[in-house]
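Scroll down for the structure; my scribbles are underneath it.
Values in this text are rule-based calculations from the coordinates and carry no lab data. The structure displayed is predicted, hence computed values, not measured ones. Cβ placement follows ideal geometry from the backbone for every residue including glycine, while neighbour counts extend to all protein chains displayed.
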Amino acid sequence: MHACARQETGLNGGERPARFFPLLLFILAIFLTFIHPHFRVPFTSKIIHIDLGVATLICASILLIFSGNRIDLLQGGIVGIENLRPYSVIVLVLSLSFICLTLEYAGFFEFVALKFLSSAGTGRKLFLNVFLLSYILTLFTNNDIVILTLTFIIFHICRHAKLNPMPYLFLQFFVTNIAGMTLYIGNPTNIIVADFAGIDFVKFAKWMVLPSLVSTLACAGVVYLIFRRQIPERLETQAQEMHDVETMRDRGAAAVALICLSLTVLLMSLPKTVVRIPNWVIPLILALPLAVYIASRGFLLKIVQRIPWKIAPFLLGLFILVEGLAASGWTGMFSSVLSGIPDSGPMSVLLPCLMASWFSGFMNNHPMTVFFSRSLPSSWRGMFLAIIAGSNIGPTTMITGSLAGIMWSEILAQHGRAISFSEFSKYGIIVSTVAIILASFIIWLELGML
Amino acid sequence: MYHKMVLCVTEATPEEVVRVASKLCDKETEVIVLHVVRVLTDLQRREAEEKFAWVIETLKKEGIRARLELVESADPKSAIVSFVRENSADVVVTGTIQKKGILALVSESISDYLIKHVPCTLVLVKRPD
């Protein structure tokens, strides 16, 4: 069993209402993030939308106001907790999004996807190509953008080839989510957990490449088995005949963005004795020349408008709320629960991975990640790796596991392919269970060997 | 009758929506068939023109002036509202999909958003069960 080592700066244990207050606010924040209600401002016609960017911030503000001027909560939420610097996570996520959004807007993803997928002459080849493309694109870019681009291309190709798009859509959604665990930059949740645990870019890849590869391969195998009868031998229309050679919208911008992204990965993977700047500064610096370039091409504003700015207040609010949970002893209590998990054997990784995955489904992967990470001492490496795997696999268990999943379901509905929560989970639970077991087992093996 | 109508279409738009829209028009009505895409590449443009040709044809057969407009935005809901404001439309017609269960709780449909934000008459067309 793990020794529960973290010291919490708790509120007076006897003050039960004060103790439950941060927990209620945390639950309310998650609820509001999912429900995103509208409120009319009294005596005006103005409507306020409590969306992702506002929900956690409102709850965090209430916590700060009613917790008796706890500046340490604010400080912990913005400046940092142990190894983690929330502001650096936010800058890193936003600057990487900027580079990836430029690639998307320049038509890079669409161009690559069309070239790659239209060469398929059989249903099986198309299945294989969707798998490879989803995996490769997700390795170095933002999985949300890959999901959105590939969804459109899959609909396009399947429409022309008179195919049922669902096997390919499920495949790309599952693969892009699971493959997101490969690299440090693959998902904001990776950055949060890795920073908490002090795992750098190279170490992260060393631990996660193999579990990611094996579990995505297994996921593809399971999806194939589920949908094999809907994957035809031959395509009715040769995909290659569907369109002429498509050109990229802006080759120059795509090239500059690709160089920036490659340099980001390269510089992050070099030792800190060579690159003496923190990881979060690297994409920020590289995004600057890209911004100048695309400003000269006239679409800087379009990209800036697309940056998911709301993630900044969302994460800041979450960090403050979780600091409130830590101060009132909830993370310590959860840590005690986790300390009941065996500290050796495959279960030491499997159980936290399973918990992280299921909690992601119920509370979304970002809140789960911040809460779980804050509850563990940084010496519990296996558990941190399990949380990384769980936070990426979680959105494949339940569609509510990530906001991208909810957005994806809306796009499917707009294409006349609405899926229900239960229909998604019917496949998702099978795929994610296989992925969790394999990823956990490999992480456990690696912990014994590395 | 209305002077300027915005008819929002997606790949899931059923015939009923276009039929209802045409009933709300007279010869003076101008119909803008609006489709929002995330990135407006040549392929997306060609694809949309091909996919929504039937909508334009249906309306033109009824003697209604109609044209397709493609708007590029990562946020379709607010893009529709901005388009309606910029074009001073006096009616918006769109289909609505009844979501059930947990997804109905966690995802806000475009029609829910339009009810709250569109500054003119809004007609939601639900497909018969």
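Quick look at the values:
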quantity: Too-long pairs where the Cα-Cα distance tops 29 Å, listed order kept, from A:LYS206/A:LYS302; B:LYS51/B:LYS100; B:LYS27/B:LYS126; B:LYS60/B:LYS126; A:LYS162/B:LYS126; A:LYS302/A:LYS426; calculated: A:LYS206/A:LYS302; A:LYS302/A:LYS426
quantity: Residue mean of other protein chain beta carbons inside 10 Å, B:98-110; calculated: 6
quantity: At R0 = 35 Å, FRET efficiency that the Cβ-Cβ distance of A:SER269 and A:MET347 yields, to 0.05; calculated: 0.60
quantity: Likely footprinting exposure, A:CYS353, A:CYS59, A:CYS158, fewest C-beta neighbours within 10 Å first; calculated: A:CYS158, A:CYS59, A:CYS353
quantity: For chain A, the longest site-free run once GluC sites (Glu not before Pro) in DSSP loop states with at most 13 other Cβ atoms within 10 Å are removed; calculated: A:16-232
quantity: Cα→Cβ-extended label distance, 7 Å offset, between A:ASP72 and A:ASP200, nm; calculated: 3.1 nm
quantity: The protein assembly as shown: calculated mean residue ellipticity at 222 nm from DSSP helix runs of at least 4, using -39500 (n - 2.57); calculated: -20500 deg cm²/dmol
quantity: C-alpha center-to-center spacing [the range B:34-75, the range A:102-168] in angstrom; calculated: 23 Å
quantity: Residue-averaged beta-carbon neighbours from other chains (10 angstrom radius) around B:32-42; calculated: 4
quantity: FRET efficiency, B:LYS23 to A:LEU128 (Cβ-Cβ, R0 51 Å, nearest 0.05); calculated: 0.55
quantity: Area projected by the alpha carbon convex hull of the protein assembly as shown, averaged over all directions, nm²; calculated: 28.2 nm²
quantity: Per-residue average of Cβ from other chains inside 10 Å of A:110-117; calculated: 1
quantity: Sparse-neighbourhood loop sites, chymotrypsin sites (Phe, Trp or Tyr not before Pro) in the range A:42-93 - DSSP loop, at most 12 other Cβ within 10 angstrom; calculated: A:PHE43
quantity: Stretch gain in nm, segment A:LEU23-A:ILE47, where the contour uses 0.36 nm per residue and the Cα spacing is subtracted; calculated: 5.8 nm
quantity: Chain A: DSSP helices with Cα axial extent of at least 20 Å and average Kyte-Doolittle hydropathy no lower than 1.6; calculated: A:16-35, A:52-66, A:86-105, A:201-227, A:251-269, A:281-296, A:311-327
quantity: Overall Cα dimensions of the range A:75-177 - principal axes, largest extent first, Å; calculated: 56, 25, 17
quantity: Nonlocal amide H pairs with A:SER328, under 5 Å, H built at 1.01 Å; calculated: A:LEU11
quantity: For A:SER328, A:SER262, order by how many other beta-carbon atoms lie within 10 Å, fewest first; calculated: A:SER262, A:SER328
quantity: Debye, to nearest 20: dipole size of the protein assembly as shown, +1 on Lys, Arg Cβ, -1 on Asp, Glu Cβ; calculated: 160 debye
quantity: Long-range amide H partners of B:LYS4 with built H, under 5 Å; calculated: B:GLU30, B:ASP90, B:VAL91
quantity: Under 15 Å from A:LYS125, Cα to Cα: aspartates and glutamates that are on another chain or at least 8 residues apart; calculated: A:GLU233, A:GLU236
quantity: Distant alpha-carbon pairs in chain B (separation over 27 angstrom), percent; calculated: 14 percent
quantity: Ascending count of other beta-carbon atoms within 10 Å, so fewest first, for A:SER336, A:SER360, A:SER95, A:SER440; calculated: A:SER336, A:SER95, A:SER440, A:SER360
